[in-house]
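Novice: Below you will find the structure I want to go over with you.
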Amino acid sequence: MLERDIEKVLVSAEEIKEIEIRLGKVLTADYKDKFPLVIGLLKGCVPFMGELITKMDIQMQVGFMDVSSYHGGIASSGDVKIEKDLGIAVGGRHIIIAEDIVDTGKTISVIMDLLMYRGAASVEVVTLLDKPAGRVVDLHPKYIGTTIPKEFVVGYGLDYEEKYRNLPYVGVLKPEIYIK
Ligand code: IMP
């Protein structure tokens, strides 16, 4: 049913699974003995982070923040608002922020600065998708699933007006869905 609204699949379910296994292995090696705190940015992080942490064979802690930047449309509003804070002390902790996509980079850079200000020992980003053509701040996520062109995508956590997050792959919507 949802598939009807999708023009093309950009990252298939199989590719996503391979990405999660690959990144899980790398993070397992890099964060061995560091007891990282993996912070997911709601709600887009949910499927990716949920799977990724099961591929990390180390002790860790998870936490969530709810941060809004897009307000339901297809263009970034630019301002970042913390709807729900972490509620975990981050002093001295090694943090991995898990994201669905890095586009302008504004959301992540605001959160990285905040966590460093609160005393984190390190903050890195793991993102399923990187859209470097959209970048307006100098930000290079250390762990990237795959790089995509400057297109608006949905699925596997990513939404259009809060819909399509439950697609098992990442795809591009048919233009008639958002051009009204
Ligand atoms: P940034 O601050 O511009 O990097 O945007 C980060 C957030 O914007 C992501 O966590 C998504 O929620 C949203 N976003 C950016 N690009 C897309 C897209 O192509 N589809 C859906 N949401 C997007």
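Each value in this text was obtained by applying a stated rule to the coordinates, not by laboratory testing. Predicted model only: the values in this text are computed from it and were never measured. Cβ placement follows ideal geometry from the backbone for every residue including glycine, while neighbour counts extend to all protein chains displayed.
Novice: In a loop (DSSP other than H, G, I, E, B) and within 30 Å of A29 (Cβ to Cβ), is that true of L128?
Specialist: Taking the combined requirement at face value, the residue does not satisfy it.
Novice: Let me ask something else about it. Just the residues that are small (G, A, S) and either closer than 21 Å to I111 by Cα or surrounded by 15 or more Cβ atoms within 10 Å (Cβ to Cβ) (or both), please, taken from region 1-44.
Specialist: Our first condition is that a residue be small (G, A, S); within region 1-44, this holds for 12-13, 24, 29, 40, 44.
Matches in region 1-44: G24, G40, G44.
Novice: Does K163 satisfy being surrounded by 15 or more Cβ atoms within 10 Å (Cβ to Cβ) and either within 11 Å of the ligand (Cβ to nearest atom) or within 30 Å of E3 (Cα to Cα) (or both)?
Specialist: No: the conditions fail for K163.
Novice: So in region 1-57, with the set limited to residues that are in a strand (DSSP E or B) and within 18 Å of the chain's Cα centre (by Cα), which one is farthest from the ligand (Cβ to nearest atom)?
Specialist: Per the stated criteria, the residue is L37.
Novice: Only one of (1) within 25 Å of I19 (Cβ to Cβ); (2) more than 17 Å from the chain's Cα centre (by Cα) fails for Y164. Which number is that?
Specialist: Only one criterion in (1) within 25 Å of I19 (Cβ to Cβ); (2) more than 17 Å from the chain's Cα centre (by Cα) is unmet by Y164, namely (2).
Novice: Within region 140-153, identify whether any single residue is away from the ligand (no atom under 11 Å from the Cβ), part of a loop (DSSP other than H, G, I, E, B), surrounded by fewer than 18 Cβ atoms within 10 Å (Cβ to Cβ) and touching a residue at least 24 places away in the same chain (Cβ under 8 Å), and answer yes or no.
Specialist: From region 140-153, those away from the ligand (no atom under 11 Å from the Cβ) are 140, 142-147; that's our starting set.
Retained after the next criterion (residues that are part of a loop (DSSP other than H, G, I, E, B)): 140, 142.
Next, only the ones that are surrounded by fewer than 18 Cβ atoms within 10 Å (Cβ to Cβ) stay: 140, 142.
So of that shortlist, the ones also touching a residue at least 24 places away in the same chain (Cβ under 8 Å) come out as none.
Looking for residues that are away from the ligand (no atom under 11 Å from the Cβ), part of a loop (DSSP other than H, G, I, E, B), surrounded by fewer than 18 Cβ atoms within 10 Å (Cβ to Cβ) and touching a residue at least 24 places away in the same chain (Cβ under 8 Å), one finds none in region 140-153, hence no.
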